Amino acid sequence: MGIRTTVATAFSIAGAAALAVGMYGMEATGGSCTIDGNCPVPPSVMIPCFVGGMITVIVATVAGAGAVGFGLAFLAPGVGSIAAIATGYGTAVGYIFGVVFTLVGGGALVLGSLAGRGRKAAEELRATGHPGTATVLSVRDTGVSVNDNPRVRLRLQVHPADGSGDFEAELAVLVSRVSIPRAGDRYQVVYDPADRERLVLGDVQAGGGSFAAQPTMPAFPPPPAYPQPAEASGRPAPAWGTPDAAGQTPADRPLPVETVVDQLTKLDALRRSGALTEEEFQQQKARLLAQ
């Protein structure tokens, strides 16, 4: 959690406490204290607490408290209303209001906590997992959508970068409706070698979050272009795969320098992002230079 988020969360908690006190006073004012005049929170305290607390929670939520601030904005008045009922003040309407707001606020806090854990787990997996590429084998709609963006289940063929055996895995993600993955698309992936069902695809952990599907570069470069004999001599060009004078086919010839440089650049980017360890980077680099 960054400093900004920490400070915003602290302000949202303080604002929620003031909001709960203000709501407690308002609920008591509408209940029995209007009869005997013995109100637990005087108006001079109640109104500043309610208004100031609400403004503080809203500002803190926008500034970085996120789901925590949003949940507290509902939870605080709900708790204040229930507290007024529990201490002999308030009305039945206030009780219903308190229960509904407490449930909504508590639910928002729980969902926010789960989402935060998912992001943290994804960051840890991205830092410690093994890199590779994944080919989409099939895409299935789950019937769930958020803001018209569908949640789909991808069946993937994962190709580990360390050369170990390929394996299949499934991943449920929320994707952009204008960029839905298709069978045959390839993506960079980081997986947990101890539990290969745990994947990070793009910026999303398996089973949750949003995902703007953006295919990565192919794992292997296309075959290099070679000048055709017809360009120099006018003779018919041999078919692709025909051995040359040295008995080599295009697939046997070493990759051109430009392709090796491109591959090394991609490997270095993976190393700097944490997807490859220094040892894995050196191994892949040696393999490319040996071709």
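The numbers here are math on the coordinates, done by the rules we state, and not lab data. Not measured: the values here are computed from a predicted model. With ideal geometry, Cβ positions are generated from the backbone for all residues, glycine too; neighbour counts draw on all protein chains shown.
In loop segments of the range 120-167 as defined by DSSP, there are no trypsin sites (Lys or Arg not before Pro) with at most 12 further C-beta atoms inside 10 Å of their C-beta. Close amide H pairs (under 5 Å, H built 1.01 Å from N) link Ala161 with Gly132, Thr133, residues at least 5 positions away or on another chain. Residue by residue, the range 61-67 carries 3J(HN,Hα) couplings of 4, 5, 6, x, 5, x, 4 Hz when phi is fed to the Karplus relation 6.51 cos²θ - 1.76 cosθ + 1.60 (θ = phi - 60°); x denotes Gly or Pro. The Rg/Rh ratio for the range 1-151, using Cα coordinates for both the radius of gyration and the Kirkwood hydrodynamic radius, is 1.18.
Could you check the simple spin-label distance between Arg272 and Leu103, using points 7 Å along Cα→Cβ, in nm with one decimal? In this crude label model, Arg272 to Leu103 measures out at 5.2 nm. Each residue of the range 155-170 is assigned a 3J(HN,Hα), and the resulting list reads 9, 10, 9, 9, 10, x, 6, 7, x, 5, x, 5, 8, 9, 8, 10 Hz, derived from the Karplus form 6.51 cos²θ - 1.76 cosθ + 1.60 (θ = phi - 60°), x at Gly and Pro.
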